[in-house]
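Notes follow the structure.
The values are calculated or read from the model by the stated rules, or taken from the named source; none is laboratory data. Computed from a predicted structure; not experimentally measured. Cβ placement follows ideal geometry from the backbone for every residue including glycine, while neighbour counts extend to all protein chains displayed.
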Amino acid sequence: MAESLRGTTTERHFTGRSAAELRDYRAAFNAAHLAMAVVDREGLVVAANHALAQLLGAEPHSLVEQSAAELVDLGAEARTWQAYLEVLRGRQARLRCTRRLKHADGHSLWTEVTLGPVPGTRDVLLSVSDISDRRDLQARLRHLQMHDPVTRLPNRALFFERVSAALESSAYEHGGTGRIGLCYLDLDGFKAVNDTLGHRVGDRLLTAVAARLTHCADQAGYGRSGGHLVARLGGDEFALLVEDSTGTEQLAELARAVLAAVQEPFDLAGQRLSVSASIGVVERATDGTSATALMQMADTTLYWAKADGKARWTLFDPERNAHRMTRQALSSTLRPAVERGEFALEYQPLVDLETGVVRGVEALVRWNHPQFGVLTPNRFIGIAEEDGSIVQLGQWVLRTACRQARRWQLDHPSENPVFVSVNVAVRQVWDSDLVGDVAAILAETGLAPQLLQLELTESAVMGSAGRPLQALQELSDMGVRIAIDDFGTGYSNLAYLSRLPVSVLKLDGSFVRGFRYEEGTHPNPADETIVEALVQLAHRLGLTVTAECVETAGQAARLRRVGCDTGQGWLYSRAVAPERIAEMIGARAVPSQQDR
């Protein structure tokens, strides 16, 4: 067929074909609606039909001897060019690709180009289909798929696509800042608008908010070549992407502008509405940042903005996030840590202020965390109270402390036994049978009830009623001592003291610190007056008083002078291992320089 189309030596390839048949082939080729050309092994056009000429806006004869690759732009991509050469050499059967071509009058069209061998010849048949209508339809469908139908803004899918593209391009391009920024916002009070005025008004509000956000982005004029992206991510959540950001101040300025714009009242078809926004702001180097990580940081920061009171913007803080991540990690591993034996107890002496002898110890739990090292109670007790694992942990602490106190008693039979004081959370009273647990542990360890002291915070004890009060009374009747910890910082409702089964008041360290001489200053006499009054009141009610945070001999002397019974603090010892307490039993607690 190819030689017939050339009009020369047709017998070489079409022997046995009549002249009429050859004319039919030529006529069919020229009349075909599909744009076609015959290309030789050199890549030159041998013949082109009218459909191809019309598609390109040329005459058929003007296409002959032209490079087929140039006509349909096959050299634009290295991969396509290599495949084209393989087809010409007969090493590859077919090539199909999509190309954007330009008509002679200047307009562009999308085409699908196909090349394949002509049977019985060494030539290749090139066919070109106009797929512009199909591409336009695909583009319209993609636009609908990637844009929010209410606000016409890009949706979550397009937003993530743009973020990923921005992060990827910045890794290969030079001349940019190598940074990316994001404002992630949520409308405060939008649900109330939807619930009271209906979704139609809610949609109008979202559209109006979208217009203001777009205006803010346009006014800021940020991004690569002034480009920006404002997207609705769903519900009442929006995002503003800043490519090639110049730093946190740029994002802060944008957040302030957005916050002010959203807080201006909206007039919607006779409805005057006011809303505010909470905004999470993230500004990061693109290197090492993924789209998912960026959104996680933005989501966390938006949560902070809402938790801090709403109607504000908050900048991502790596340290605050690290604390949150640590808290989550601790929460997820706290329960199994008890079973794995990762907790240990240290003990801080409670010293008789008159004799200097150790009368008791407070058990303080430590978590030997495999990742974060040794953690003190303030790092995990609050988490344990929130998720309920305080019950399991509290039982372990109580059992371990009672067993250790009994061991000291057996190892020092000639000395007065020391009592052990254990902190108890209110949730342990509500969520477990504390009375039953204490009775069982005392029976199991052989420790006398009088050698166990349970400490509860003032705010917990002072509000006790119902079950907690009954539990405290039963424990007191059993012989267990009840102590109010940090007394003076909570309700301080002294009337409760006469009705609660309390044996000990532990004065908060803030009172004791007022006793300390600082360089160039003198103690506040009011502190001593208050402490003396509390001690006298406690003694008249039959209570003993322990002073916390005793750090100097001068503090100890003044506390002793006002009648305080025992002291606890670094003057005597930090919290130490059980072996160290064993050395102190029976000996006068003489503070060392190291202990101070």
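The residue that is surrounded by the fewest Cβ atoms within 10 Å (Cβ to Cβ), among those in the range 216-238 that are modelled with pLDDT of 85 or more and small (Gly, Ala, Ser), is 234. Of the helices (runs of 4 or more DSSP H) lying entirely inside the range 361-480, those containing at least 3 residues that are under 23 Å from residue 504 (Cβ atoms) span 390-411, 426-431, 434-445, 458-462, 467-478.
Do we have residue 293 as of a type in the set (Gly, Ala, Ser) and assigned by TED's automatic domain parsing to the domain that holds residue 177 here?
Values: of a type in the set (Gly, Ala, Ser): yes; assigned by TED's automatic domain parsing to the domain that holds residue 177: yes.
So residue 293 fits the description; yes.
Criterion applied to 176, 202, 189 was being touching a helix residue (DSSP H, G or I) at 6+ places or on another chain (Cβ under 6 Å) and modelled with pLDDT under 90, and the one residue passing it is 176. Residue count for the range 106-133 under the criterion of being assigned to a helix (DSSP H, G or I) and in contact with a strand residue (DSSP E or B) (Cβ under 8 Å, 6 or more places away or on another chain): the result is 1. Restricted to the range 89-105, and to residues there that are in a loop (DSSP other than H, G, I, E, B) and either in contact with a helix residue (DSSP H, G or I) (Cβ under 9 Å, 6 or more places away or on another chain) or small (Gly, Ala, Ser) (or both), the residue that is surrounded by the most Cβ atoms within 10 Å (Cβ to Cβ) is 92. Would you mind stating whether residue 55 is touching a residue at least 60 places away in the same chain (Cβ under 8 Å), touching a Ser or Thr at 6+ places or on another chain (Cβ under 9 Å) and not aromatic (Phe, Trp, Tyr)? Spelling it out, residue 55 is indeed touching a residue at least 60 places away in the same chain (Cβ under 8 Å), touching a Ser or Thr at 6+ places or on another chain (Cβ under 9 Å) and not aromatic (Phe, Trp, Tyr). Among the residues of the range 272-292, those that are under 29 Å from residue 205 (Cβ atoms) and in contact with a helix residue (DSSP H, G or I) (Cβ under 9 Å, 6 or more places away or on another chain) comprise 273, 274, 275, 276, 277, 278, 279, 280, 281, 282, 283, 291.
Highlighted here are the strands (runs of 3 or more DSSP E) found entirely within the range 209-324 that include at least 3 residues which are not hydroxyl-bearing (Ser, Thr, Tyr): 229-234, 237-243, 266-268, 271-273, 276-285.
Of all the numbered requirements in (1) farther than 25 Å from residue 164 by Cα; (2) modelled with pLDDT of 90 or more; (3) out of contact with any strand residue (DSSP E or B) (no Cβ under 7 Å at 6 or more places or on another chain), residue 196 misses one, and that requirement is (2). Contact map, the range 115-139: residues that are more than 16 Å from residue 52 (Cα to Cα) and assigned by TED's automatic domain parsing to the domain that holds residue 89 paired with residues that are in a loop (DSSP other than H, G, I, E, B) and at pLDDT 85 or above, Cβ distance under 8 Å, separation 6+ or inter-chain. Pairs shown: 116/94; 117/90; 117/123; 122/40; 122/41; 122/90; 123/40; 123/41. Within the range 277-296, the set of residues being more than 15 Å from residue 238 (Cα to Cα), touching a residue at least 40 places away in the same chain (Cβ under 8 Å) and not β-branched (Val, Ile, Thr) comprises 283, 284, 285, 287, 290, 291.
Residues that are over 48 Å from the mean Cα position of the chain (by Cα) and among the aliphatic types (A, V, I, L, M) within the range 96-112 comprise just one, 104.
In the set 393, 350, 375, 398, which member is of a type outside the set (Lys, Arg) and touching a His at 6+ places or on another chain (Cβ under 7 Å)? Before the answer, list the steps.
Numbers: 393 fails: touching a His at 6+ places or on another chain (Cβ under 7 Å); 350 fails: touching a His at 6+ places or on another chain (Cβ under 7 Å); 398 fails: touching a His at 6+ places or on another chain (Cβ under 7 Å).
The conditions single out 375.
Looking at the range 74-88, is at least one residue part of a strand (DSSP E or B), closer than 20 Å to residue 130 by Cα and touching a Phe, Trp or Tyr at 6+ places or on another chain (Cβ under 6 Å)? Among the residues of the range 74-88, not one is part of a strand (DSSP E or B), closer than 20 Å to residue 130 by Cα and touching a Phe, Trp or Tyr at 6+ places or on another chain (Cβ under 6 Å), which makes the answer no. Any idea which residue in the range 280-323 is nearest to residue 181 (Cα to Cα), counting only those that are of a type in the set (A, V, I, L, M) and touching an Asp or Glu at 6+ places or on another chain (Cβ under 8 Å)? Selected residue: 315. I'd like the full set of residues that are surrounded by 18 or more Cβ atoms within 10 Å (Cβ to Cβ) and part of a helix (DSSP H, G or I), limited to the range 134-159. 158, 159, listed by residue number. Looking at the range 271-284, is at least one residue exposed (fewer than 12 other Cβ atoms within 10 Å of the Cβ) and among the hydrophobic types (A, V, I, L, M, F, W, C)? The answer is no; no qualifying residue exists.
Quick test for you: out of 164, 169, pick the one residue that is in contact (Cβ under 8 Å) with a residue 60 or more places away in the chain, in the same structural domain as residue 213 (by TED's automatic domain parsing) and either out of contact with any strand residue (DSSP E or B) (no Cβ under 9 Å at 6 or more places or on another chain) or assigned to a helix (DSSP H, G or I) (or both). Before the answer, list the steps.
Details: 169 fails: in contact (Cβ under 8 Å) with a residue 60 or more places away in the chain.
Exactly one residue qualifies, and that residue is 164.
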